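Asks: The structure that follows is given in the form of structure tokens.
The values are calculated or read from the model by the stated rules, or taken from the named source; none is laboratory data. These numbers come from a predicted model, not from an experiment. In this analysis, Cβ positions are derived from the backbone assuming ideal geometry, glycine residues included, and neighbour counts consider all displayed protein chains. These accessible areas exclude ligands, DNA and RNA; they are computed on the full protein's heavy atoms, side chains included. Shrake-Rupley method; radii C 1.70, N 1.55, O 1.52, S 1.80 Å.
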Amino acid sequence: MASGLHKSDVANPVLNWIDARLPVITMMQKEYGTFPTPRNFNYFWNFGALAMVNLLIMIATGIFLSMHYTAHTSMAFDSVERIMRDVNYGWLLRYAHANGASMFFIVVYTHIWRGLYYGSYKAPRELLWMLGVVIFLLMMATAFMGYVLPWGQMSFWGATVITNLFSALPLIGPDIVTFLWGGFSVDNPTLNRFFSLHYLMPFVIFGVVFLHVAALHITGSNNPLGIDPKGPQDTLPFHPYYTAKDSVGLVAYFAVFAILVFFFPNALGHPDNYIPANPLVTPPHIVPEWYFLPFYAILRAVPDKLGGVIMMFASIAILFVLPWLDTSPVRSMRFRPLARPFLFTWLVSFFVLLYCGGKPPEEPYVTISRVAAAYYFLYFLVILPLLGRLERPLPLPESIARPVLRGGGPVMAGAMSKPMEKA
Amino acid sequence: MRVFHSLRAFSLAAGLVAGAGLATVATPARAAEGAMHYPEVRFSFDGLFGHFDRASAQRGFQVYKEVCSNCHSMHLLSYRNLSELGLSDAEVRAIAATVQVQDGPNDEGQMFERPARPSDRFRSPFANEKAARAANNGALPPDLSVITKAREGGAEYIHALLMGYEDPPAGVTLMPGMNYNKYFAGHQIAMAQPLSSEGQVEYTDGTKPTVEQMVEDVSQFLTWAAEPELEQRKSLGVKMVLFLTVLGGLAYAVKRKVWADVH
């Protein structure tokens, strides 16, 4: 055997020849075949794979849509409607892309919730988590710019409101806004650059997703018990166990997706976006897409414009430092009797903000938003740091395998460590 | 234990659906602006198996052509699209030929008028927005191509609006040239009641052209115009959901089989 070649186990001689020179088959086998994965995942662990599939769907549909789309203020709206009417299955492409964005956020929000509940952000997975937050931010930017492209009323006015937020920055604010717009108002240069960036960003996301997965395969996955696998008895090879389990989740995901696309394709959109953009007519209420509403509510909860902008960005930026704000060594909320209700309250505050963000900025929604926003930050900045010191966590199980062998699942975990029986 | 697993799977799936549902609840929040409730109308295109009533949509096109099109454009539609409503090629040609459209420039550099062809877009009643406003007391009649998608309530809104004209209640003074409509935001609408008397349009298929009938027909037509893919979309959707149900069952069976030695 020539020196410098990888020693491949692949039986097929042609594939072996390739694998010896470029060991991608060995790599795939290692990372997705035999990759040791905790044996006790629940279905929340589907959502990473679902997000990956969703990203690919968005890229695939988006590439075909862009072949028919015209990024010009006078033609964008009609070109989108032409896709709906005259392009073969254009309606399916567009509705899948538009609702795919909503699905992406549902999936990613669930994925983030999984991380929050089972402490997936804690050592040694801090960087993995932070890369995830980067993906989330890139997703938001991509979704925002994508919503501008059909050039309807909400596209135009949403773009105007959101880009104008930057004008709140002292000194440089107005210049930044002009720079973003490529002119003195949201107009054709804005649409053009948004189209360009909207096409670029998904590939940047793809790159960061690669890093996210690479980091994951160094630390290995967290699991519902939040304790480290202690040996082969605690893990299963990724294939066929988790490929089979992910397939179940994937079909369920496609079912929800299909119901949206085929039966309620416009339920999550705003009717005003079927009115062509008109800079002279402001809609009575400018509302962003539903997945931005919690952050929009935080923005509006603060009476000062700059303060609101800062709080809105802080509400996501705070996730970057979450691994250090949470001082408890215990990962899974199953063993944190005090933190658990506080986290569920945080979830409620998130949904309350989502609800209030869609309401007009008047009472009682403003006060409710303020209370919810205050709790949103309080949880991260005060409750979590304090609880790490005050809380007495329940005893952790010895290993993943033992409770699982006795029956598996959260309740079974209690079978071997009495005090957490009623967790 | 199995029970637990399926329970958890179920709760997750339910969570997904609830998430989507919540989003739906949260977004039409802006519907609350007007907090308008439109009378419920049962259309043939509602529901999972919805389809267009082609006879009704054809009559609706006649209403559009004879009444609405005097002020409202539908610039996203072509005459050829009418064949989807069951009109023959010859009928579509004949309909198009009754309309004069501008073409050109010809070899002499002149614009000229010619009868429309099926490939032409519906002719707009006004040359531009200014002309439309000038002819309508300053108001702009919106393009109707996607009107049912562009209004909260869709076809029900169109139905309610067209049926919603009445005398202003005591104490309400209308601005000059405005009409009272109980379903229009602000209740003052520049459009005078377009379908006001029985027999305004003469149907050729023997249907009695009551106001309600004409309104229903034109709502049907406008919905088809806005969502011509609706029938294909819904029938494909039913097949997709059935397919995914079977596939989901298979995937779950495979998963159970694969995991049998672990549990």
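Asks: Can you pull out every residue in the stretch B:116-155 that is assigned to a helix (DSSP H, G or I) and closer than 26 Å to A:I83 by Cβ? Can you show your working first?
Replies: At the first step, the residues of the stretch B:116-155 found to be assigned to a helix (DSSP H, G or I) are B:129-135, B:155.
B:E129, B:A155 - these are the residues of the stretch B:116-155 that are assigned to a helix (DSSP H, G or I) and closer than 26 Å to A:I83 by Cβ.
Asks: Exactly one of these conditions fails for A:I227: (1) within 14 Å of chain B (Cβ to nearest Cβ); (2) buried (at least 16 other Cβ atoms within 10 Å of the Cβ); (3) in contact with a Pro (Cβ under 8 Å, 6 or more places away or on another chain). Give me its number.
Replies: Checking A:I227 against (1) within 14 Å of chain B (Cβ to nearest Cβ); (2) buried (at least 16 other Cβ atoms within 10 Å of the Cβ); (3) in contact with a Pro (Cβ under 8 Å, 6 or more places away or on another chain), the one that fails is (1).
Asks: Can you find, within the stretch A:325-359, the residue that is surrounded by the most Cβ atoms within 10 Å (Cβ to Cβ) among those that are of a type in the set (D, E, K, R) and within 15 Å of A:L386 (Cα to Cα)?
Replies: Looking at residues that are of a type in the set (D, E, K, R) and within 15 Å of A:L386 (Cα to Cα), I get A:R336.
Asks: Same structure, new question: Would you be able to tell me the number of residues in the stretch B:59-101 that are touching a residue at least 60 places away in the same chain (Cβ under 8 Å), of a type in the set (S, T, N, Q) and either on the phi > 0 side of the Ramachandran plot or outside any loop (DSSP other than H, G, I, E, B) (or both)? Steps first, please.
Replies: Taking the stretch B:59-101 first, the residues touching a residue at least 60 places away in the same chain (Cβ under 8 Å) are B:59-64, B:66-68, B:71-77, B:81, B:84-85.
Pick out the ones that are also of a type in the set (S, T, N, Q) and you get B:62, B:73, B:81.
From what's left, either on the phi > 0 side of the Ramachandran plot or outside any loop (DSSP other than H, G, I, E, B) (or both): B:62, B:81.
Number of matching residues: 2.
Asks: Of (1) more than 7 Å from every other protein chain (Cβ to nearest Cβ); (2) hydrophobic (A, V, I, L, M, F, W, C); (3) touching a Ser or Thr at 6+ places or on another chain (Cβ under 7 Å), B:L250 satisfies all except one. Which?
Replies: (3)
Asks: Answer yes or no as to whether B:F61 is modelled with pLDDT of 95 or more, in contact with a Phe, Trp or Tyr (Cβ under 7 Å, 6 or more places away or on another chain) and either more than 14 Å from chain A (Cβ to nearest Cβ) or farther than 30 Å from B:V238 by Cα (or both).
Replies: Details: modelled with pLDDT of 95 or more: yes; in contact with a Phe, Trp or Tyr (Cβ under 7 Å, 6 or more places away or on another chain): yes; either more than 14 Å from chain A (Cβ to nearest Cβ) or farther than 30 Å from B:V238 by Cα (or both): yes.
Yes, satisfied.
Asks: Is it true that some residue in the stretch B:185-206 is assigned to a loop (DSSP other than H, G, I, E, B), over 25 Å from B:A55 (Cα atoms), touching a Gly at 6+ places or on another chain (Cβ under 8 Å) and more than 14 Å from every other protein chain (Cβ to nearest Cβ)?
Replies: Taking the stretch B:185-206 as the starting set, the residues that turn out to be assigned to a loop (DSSP other than H, G, I, E, B) are B:185-187, B:190-206.
Filter once more, so that each one left must be over 25 Å from B:A55 (Cα atoms): B:185-187, B:190-192.
Within this subset, residues satisfying the condition of being touching a Gly at 6+ places or on another chain (Cβ under 8 Å) are B:185, B:190.
In the following step, the residues that additionally are more than 14 Å from every other protein chain (Cβ to nearest Cβ) were identified as B:190.
Yes, some residue in the stretch B:185-206 is assigned to a loop (DSSP other than H, G, I, E, B), over 25 Å from B:A55 (Cα atoms), touching a Gly at 6+ places or on another chain (Cβ under 8 Å) and more than 14 Å from every other protein chain (Cβ to nearest Cβ).
Asks: Of all residues in the stretch B:124-144, which are within 13 Å of chain A (Cβ to nearest Cβ), hydrophobic (A, V, I, L, M, F, W, C) and open to solvent by 50 Å² or more (accessible area, probe 1.4 Å)?
Replies: Scanning the stretch B:124-144 gives a single hit, B:L140.
Asks: Right, here's the next one. Within the bounds of the stretch A:355-372, is there any residue that is outside any loop (DSSP other than H, G, I, E, B) and within 30 Å of A:I227 (Cα to Cα)?
Replies: First, the residues of the stretch A:355-372 that are outside any loop (DSSP other than H, G, I, E, B): A:355-357, A:365-372.
Narrowing the set further to residues that are within 30 Å of A:I227 (Cα to Cα) leaves none.
No, that holds for no residue.
Asks: For the condition outside any strand (DSSP E or B), within 14 Å of another protein chain (Cβ to nearest Cβ) and in contact (Cβ under 8 Å) with a residue 40 or more places away in the chain, what is the one hit in B:L244, B:L222? It would help to see each step written out before you state the result.
Replies: Working: B:L244 fails: in contact (Cβ under 8 Å) with a residue 40 or more places away in the chain.
It is B:L222.
Asks: Can I ask one more? Hey, A:W91 hits all of (1) farther than 22 Å from A:V204 by Cβ; (2) open to solvent by 40 Å² or more (accessible area, probe 1.4 Å) but one; which does it fall short on?
Replies: (2)
Asks: Please determine whether any residue of the stretch A:184-206 is more than 30 Å from B:P142 (Cα to Cα), within 19 Å of the chain's Cα centre (by Cα) and within 14 Å of chain B (Cβ to nearest Cβ).
Replies: no
Asks: Which residues, taken from the stretch B:107-123, are hydrophobic (A, V, I, L, M, F, W, C) and open to solvent by 50 Å² or more (accessible area, probe 1.4 Å)?
Replies: Taking the stretch B:107-123 as the starting set, the residues that turn out to be hydrophobic (A, V, I, L, M, F, W, C) are B:111-112, B:116, B:122.
If the condition is that a residue be hydrophobic (A, V, I, L, M, F, W, C) and open to solvent by 50 Å² or more (accessible area, probe 1.4 Å), then B:M111, B:F112 are the ones that fit.
Asks: Another question about this same structure. All but one of (1) at pLDDT below 95; (2) in a helix (DSSP H, G or I); (3) open to solvent by 20 Å² or more (accessible area, probe 1.4 Å) hold for B:A55; which doesn't?
Replies: (1) is the only condition that B:A55 fails.
Asks: When the stretch B:231-241 is examined, which residues are found to be crowded, with 16+ Cβ neighbours inside 10 Å and within 9 Å of chain A (Cβ to nearest Cβ)? Show your work before the answer.
Replies: From the stretch B:231-241, those crowded, with 16+ Cβ neighbours inside 10 Å are B:231, B:233-234, B:236-237, B:240-241; that's our starting set.
Those that are crowded, with 16+ Cβ neighbours inside 10 Å and within 9 Å of chain A (Cβ to nearest Cβ): B:R233, B:K234, B:L236, B:G237, B:M240, B:V241.
Asks: Residue check, A:P237 against (1) farther than 30 Å from A:L280 by Cβ; (2) touching a Leu at 6+ places or on another chain (Cβ under 7 Å), all met but one. Which one?
Replies: (2) is the only condition that A:P237 fails.
Asks: Within the stretch A:51-88, can you find the residues that are of a type in the set (F, W, Y) and closer than 18 Å to A:M201 by Cβ?
Replies: Taking the stretch A:51-88 and keeping what is of a type in the set (F, W, Y), we get A:64, A:69, A:77.
Of everything in the stretch A:51-88, those that are of a type in the set (F, W, Y) and closer than 18 Å to A:M201 by Cβ turn out to be A:F64, A:Y69.
Asks: Inspect the stretch B:167-180 for any residue being assigned by TED's automatic domain parsing to the domain that holds B:A57, of a type in the set (D, E), surrounded by 13 or more Cβ atoms within 10 Å (Cβ to Cβ) and in contact (Cβ under 8 Å) with a residue 12 or more places away in the chain and give the result as yes or no. Break it down stepwise before answering.
Replies: The first filter runs over the stretch B:167-180 and keeps only residues assigned by TED's automatic domain parsing to the domain that holds B:A57, leaving B:167-180.
Cutting the leftovers down to of a type in the set (D, E) gives us B:167.
Applying the additional criterion that residues be surrounded by 13 or more Cβ atoms within 10 Å (Cβ to Cβ) yields none.
Scanning the stretch B:167-180, I find no residue that is assigned by TED's automatic domain parsing to the domain that holds B:A57, of a type in the set (D, E), surrounded by 13 or more Cβ atoms within 10 Å (Cβ to Cβ) and in contact (Cβ under 8 Å) with a residue 12 or more places away in the chain, so the answer is no.
Asks: Kindly check whether there is at least one residue in the stretch A:254-268 that is open to solvent by 30 Å² or more (accessible area, probe 1.4 Å), among the polar types (S, T, N, Q) and free of Cβ contacts under 8 Å to residues at least 60 places away in the same chain.
Replies: Yes, the stretch A:254-268 has at least one match.
Asks: Mind checking which residues of the stretch A:269-302 are among the hydroxyl-bearing types (S, T, Y) and open to solvent by 40 Å² or more (accessible area, probe 1.4 Å)?
Replies: Initially, the stretch A:269-302 is screened for residues among the hydroxyl-bearing types (S, T, Y), giving A:274, A:282, A:291, A:296.
Within the stretch A:269-302, A:T282 is the sole residue that qualifies.
Asks: Sticking with this structure for a sec: Take the stretch A:273-301 and flag every residue that is over 18 Å from A:Y365 (Cα atoms) and at the interface with chain B (Cβ under 7 Å from one of its Cβ atoms).
Replies: A:Y274, A:I275
Asks: Which condition does B:Q58 not pass, out of (1) touching a helix residue (DSSP H, G or I) at 6+ places or on another chain (Cβ under 8 Å); (2) under 22 Å from A:R82 (Cα atoms), if it passes all the others?
Replies: Here B:Q58 clears every test but (2).
Asks: Pairs only if they're at least six apart or on different chains, beta carbon under 8 angstrom, first in the stretch A:36-47 and within 10 Å of chain B (Cβ to nearest Cβ), second surrounded by fewer than 23 Cβ atoms within 10 Å (Cβ to Cβ) and among the polar types (S, T, N, Q); list them, first residue then second.
Replies: Close Cβ pairs satisfying both conditions: A:R39/A:T235; A:F44/A:T110; A:F47/A:T110.
Asks: Mind checking whether some residue in the stretch A:376-391 is among the aliphatic types (A, V, I, L, M), within 13 Å of chain B (Cβ to nearest Cβ) and open to solvent by 10 Å² or more (accessible area, probe 1.4 Å)? I'd like the intermediate steps shown before the answer.
Replies: Just the residues of the stretch A:376-391 that are among the aliphatic types (A, V, I, L, M), to begin with: A:378, A:381-384, A:386-387, A:390.
Those still in the list that are within 13 Å of chain B (Cβ to nearest Cβ) too: none.
No.
Asks: Could you list, ordered by first residue, the pairs with Cβ atoms under 7 Å in which the first is in the stretch A:197-210 and more than 20 Å from A:W129 (Cα to Cα) and the second is in a helix (DSSP H, G or I), at least 6 apart or interchain?
Replies: Going by the 7 Å Cβ cut-off, the qualifying pairs are A:L197/A:M145; A:H198/A:T142; A:H198/A:M145; A:H198/A:G146; A:Y199/A:S66.
Asks: On to the next question. Taking only pairs six or more apart or across chains, which ones have beta-carbon atoms under 8 Å, a first residue in the stretch A:233-249 that is at the interface with chain B (Cβ under 7 Å from one of its Cβ atoms), and a second residue that is open to solvent by less than 30 Å² (accessible area, probe 1.4 Å) and polar (S, T, N, Q)?
Replies: Listed pairs, sorted by first residue: A:L236/A:T37; A:Y241/A:T37; A:K245/A:N46; A:V248/A:N46.
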